[in-house]
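**Student:** Okay, here's the structure, questions in a sec.
Bear in mind these aren't lab numbers, they're just calculated from the coordinates by the rules spelled out. Computed from a prediction, not measured in an experiment: that's the story for all the values here. Cβ: placed from backbone, ideal geometry, glycine included. Neighbour counts: every protein chain shown.
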């Protein structure tokens, strides 16, 4: 658990130095080509780039410890508030995608393992490789073309906030959720199958069979619960792909979340926002993986912390 | 992690001996998926090499022929500037393959370097691996976008940005294989015999970690092509004047309803190429070391 602390420190340092190690003057780069020297000076002042590096580093560390991510160069709004405003759509999108992915992957992966080598197994695994190989935005365009433009079942883009009703919100998130979930589901289905296959060859499964338990009970109670650790691990590791996919999905579907904030900030060279977002995304990833590690206790009583 | 423990046999089998061609032939006959995947990949490579010679200039604008549906004259239709989608799609193969191959090579080289150092020089292990953990904690696409926003858009920078995000996983794989191999009796014997470090690594370590590294390299190859298209799509990748698949998808976005072919062809090619490389990776993994396939991916 303590190992997450150095990771946080590293990410913070990395984000700090990212701007400083680039060739050329970061203030000029943020201000853009047309900026006057006064504007450049203002930005340099604002970001403290004119002070010694060690001072800058200490100031940055102090800020972080107080939960202050600085202010946007573009709008002068505190980065934490900008992130707070955009949090809901991203959280909802990620949630819908995770739930969909697990709902798709667990049954299909189990089916593939139980029928290993059969037709069902081949079909599921073929779809898994296909899903794994299709870029999020290619899937997204296909879904939009079929279900929004041609059939008209879902909106082509946009996000309905939770305050306007849960169902309306979910309806606006179905297409982006599916587009985002397929990659994740492919990954999960493969691991579910592999992990189950290993467990199904164990002695206690033969025992369970011998004492006449139903196949459903054996698969769920005896096999799946023992195969859970690798599956849950991949749910955690797959978060990196999911969070990356969020950035793309939000751009394709015009969802005003953190991913859109990131691409907008990068195009405007709004560096404090970019730094803040990298920190937030990485923290989410690290914390989720920490929770995954802790959850092993639930699945495997041998694990102790 | 005992992945590399029993790879001695496969590595020996892979070493060049007389009759390499017939051995390759029988290897391919035994693994038809590798043969088919290899053929498709080779086709893409040939297309990439020949496209600029045989097809009209992919950047030539023709305002009269805007957004034409696919026809005999324009088999893949034209885009909003009247440029041939066929020519742009096939020329786009060059960008994807170039980026994929260069990233796979750079990642393998750097991953081997870091992994060997971490595995053999214990004091460095903690420093290198914490560094890798830190990079891995940043979602790859976000890291690549951030790096691109600093570097500026060019193909060279795309390769560097994607490689930085991919290196940690390769380094981990190399390190975990090395940790197993360094304890093997034949390594101890070589050390006792006073073998030079360079010879030890080249003759004894490298052949035995080759299988997982080659397999991972194909996955990096596939993933790099996706990330390149994503970066270009978001406007932070290949310069927009160059016809890459990501750029085509970004430009075709507004015309999804009127001219779906501007998106369908580059999208399908991208998916097919990535699929081919991923399938090749899976098949190689099963062929080179059946033990690896059990742990899934």
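**Student:** When Cβ neighbours within 10 Å are restricted to other protein chains, what is their mean count per residue of peptide B:277-287? Intermediate values should be presented prior to the final figure.
**Tutor:** Values: counts 1, 4, 4, 0, 1, 4, 0, 0, 0, 0, 0.
Mean partner-chain Cβ count within 10 Å for B:277-287: 1.
**Student:** For the stretch B:161-297, just the Cα atoms, rotate onto the principal axes and tell me the three extents in Å, largest first.
**Tutor:** 71, 29, 18
**Student:** Want the number for residue A:297 to residue A:38: 0.36 nm per residue separation, take away the alpha-carbon distance, what's left? Write out the running numbers ahead of the final one.
**Tutor:** Details: separation 259, 0.36 × 259 = 93.24 nm, distance 5.83 nm.
Extra length available between residue A:297 and residue A:38 comes to 87.4 nm.
**Student:** Pick from B:24, B:78, B:89 the residue whose mean-square fluctuation is largest in a GNM of chain B, springs joining Cα atoms under 10 Å.
**Tutor:** Comparing B:24, B:78, B:89 in a Gaussian network model of chain B, the most mobile one is B:24.
**Student:** Please give, to one decimal in nm, the separation of the simple spin-label points placed at residue A:211 and residue B:203, each 7 Å out from Cα toward the Cβ.
**Tutor:** 5.8 nm
**Student:** Per Stokes-Einstein, at 10 °C and 1.306 mPa s, what whole-number D in µm² s⁻¹ belongs to the stretch B:99-168, with the Kirkwood radius over Cα pairs as the hydrodynamic radius?
**Tutor:** For these conditions, the coefficient is 126 µm²/s.
**Student:** Kirkwood Rh over Cα pairs of the stretch B:65-224 into Stokes-Einstein at 37 °C, 0.692 mPa s: D in µm²/s? Write down the numbers at each step before the final one.
**Tutor:** Numbers: Rh = 18.2 Å.
After rounding, the answer is 180 µm²/s.
**Student:** Here's a follow-up. Quick one: angle between helix A:166-200 and the longest Cα principal axis of chain A, in degrees between 0 and 90, rounded to 10, please.
**Tutor:** The angle comes out near 50 degrees.
**Student:** Turning to a different aspect of this structure: Among rounded, prolate and oblate, which fits the protein assembly as shown when a ≥ b ≥ c are the square roots of the eigenvalues of its C-alpha gyration tensor, a/c under 1.5 means rounded, and a/b larger than b/c means prolate?
**Tutor:** Details: a/c = 1.29, a/b = 1.19, b/c = 1.09.
Taking the square roots of the gyration eigenvalues as a ≥ b ≥ c, the protein assembly as shown is rounded.
**Student:** Note down the nm distance, to one decimal, between modelled labels 7 Å out along Cα→Cβ at residue B:127 and at residue B:28.
**Tutor:** 4.7 nm
**Student:** Over the stretch A:60-167, with a single point scatterer placed on each C-alpha, what log10 of the ratio I(q)/I(0) does the Debye formula yield at q = 0.16, 0.19 1/Å?
**Tutor:** -0.98, -1.10
**Student:** Next question, about the same structure. If you count, for every residue in B:127-138, the Cβ atoms of partner chains within 10 Å of its Cβ, what is the mean?
**Tutor:** 6
**Student:** Right, here's the next one. So what is the relative contact order of the stretch B:166-235, in percent, for Cα pairs below 8 Å that sit 6 or more residues apart?
**Tutor:** Working: 23 pairs, mean separation 27.9, N = 70.
Relative contact order here is 40 percent.
**Student:** With all distinct Cα pairs included, what does the Kirkwood hydrodynamic radius of the stretch B:89-139 come out to in Å, to one decimal, could you say? Each step should come with its number before you reach the end.
**Tutor:** Values: mean 1/r = 0.0781 Å⁻¹.
Result for the stretch B:89-139 stands at 12.8 Å.
**Student:** Using the alpha-carbon atoms, what tilt in degrees (0 to 90, nearest 10) does helix A:239-252 show relative to the longest principal axis of chain A?
**Tutor:** 60 degrees
**Student:** Still on this structure: Please work out the C-alpha center-to-center distance from the stretch B:86-134 to the stretch B:143-199 and express it in whole Å.
**Tutor:** About 7 Å separates the Cα centre of the stretch B:86-134 from the one of the stretch B:143-199.
**Student:** Also, quick follow-up: To the nearest 500 deg cm²/dmol, what mean residue ellipticity at 222 nm is calculated for chain A from DSSP H runs of n ≥ 4 alone, each contributing -39,500 (n - 2.57), summed and divided by the residues? Walk me through the numbers before you get to the answer.
**Tutor:** Working: 13 runs with 211 residues, N = 305.
Computed mean residue ellipticity for chain A: -23000 deg cm²/dmol.
**Student:** Here's a follow-up. Note down the relative contact order for the stretch A:13-74 as a percent, whole number, built from C-alpha pairs under 8 angstrom at least six residues apart. Spell out each step's value before the answer.
**Tutor:** Values: 21 pairs, mean separation 14.5, N = 62.
Relative contact order, the stretch A:13-74: 23 percent.
**Student:** Placing one identical point scatterer on every Cα of chain A and ignoring solvent, what is log10 I(q)/I(0) from the Debye formula at q = 0.15 Å⁻¹?
**Tutor:** Here the Debye-derived log intensity ratios amount to -1.20.
**Student:** From Cα coordinates alone, what are the radius of gyration and Dmax values for chain B in angstrom?
**Tutor:** For chain B, the Cα-based Rg and Dmax read 22.0, 77 Å.
**Student:** With chain B treated as a Gaussian network of Cα nodes joined by springs under 10 Å, which of B:245, B:202, B:261 yields the largest mean-square fluctuation?
**Tutor:** Fluctuation is largest for B:202.
**Student:** Another one. In degrees between 0 and 90, to the nearest 10, how far off the longest principal axis of chain A does helix A:271-299 point, with axes built from Cα atoms?
**Tutor:** 30 degrees
**Student:** Pairs of alpha-carbon atoms within less than 8 angstrom and 6+ residues apart define the contacts here; what relative contact order does the stretch A:1-149 have, in percent?
**Tutor:** Details: 46 pairs, mean separation 11.8, N = 149.
Computed value for the stretch A:1-149: 8 percent relative contact order.
**Student:** Along the three principal axes, how long is the stretch A:106-233 when you take its alpha carbons, biggest first, rounded to the nearest angstrom?
**Tutor:** Over the stretch A:106-233, Cα extents along the principal axes are 54, 32, 26 Å.
**Student:** With viscosity set to 0.692 mPa s and temperature to 37 °C, compute the Stokes-Einstein D of the stretch B:186-236, Rh being the Kirkwood radius across alpha carbon pairs; µm²/s, no decimals.
**Tutor:** Numbers: Rh = 13.6 Å.
So the translational diffusion coefficient is about 241 µm²/s.
**Student:** Quick check on chain B: helices-only [θ] at 222 nm, where DSSP H runs of length 4 and up contribute -39,500 (n - 2.57) each and the sum goes over total residues. Nearest 500, please. Please report the intermediate quantities before stating the final value.
**Tutor:** Working: 12 runs with 208 residues, N = 297.
Estimated from H runs of four or more residues: -23500 deg cm²/dmol.
**Student:** Among A:107-115, B:65-73, how do they line up from the highest to the lowest mean number of other beta-carbon atoms within 10 Å?
**Tutor:** Working: A:107-115: 20.9, B:65-73: 13.1.
Top to bottom by mean Cβ count within 10 Å: A:107-115, B:65-73.
**Student:** While we're looking at this one, here's another question. Using a Gaussian network for chain A with springs between C-alpha atoms less than 10 Å apart, which of these wobbles most: A:220, A:98, A:139?
**Tutor:** Top of the fluctuation ranking is A:220.
**Student:** Under the definition of partner shielding as Cβ atoms of other protein chains within 10 Å of a residue Cβ, what is the mean value for peptide A:126-134?
**Tutor:** On the way: counts 2, 0, 1, 6, 5, 1, 9, 14, 8.
Mean number of neighbouring Cβ atoms from other chains: 5.
**Student:** Follow-up question, since we're still on this one. Assuming a ≥ b ≥ c are the square roots of the Cα gyration tensor eigenvalues, decide whether the stretch B:18-150 counts as rounded (a/c under 1.5), prolate (otherwise, with a/b larger than b/c) or oblate. Let's see the in-between values first.
**Tutor:** Working: a/c = 3.62, a/b = 1.49, b/c = 2.43.
Verdict is oblate for the stretch B:18-150.
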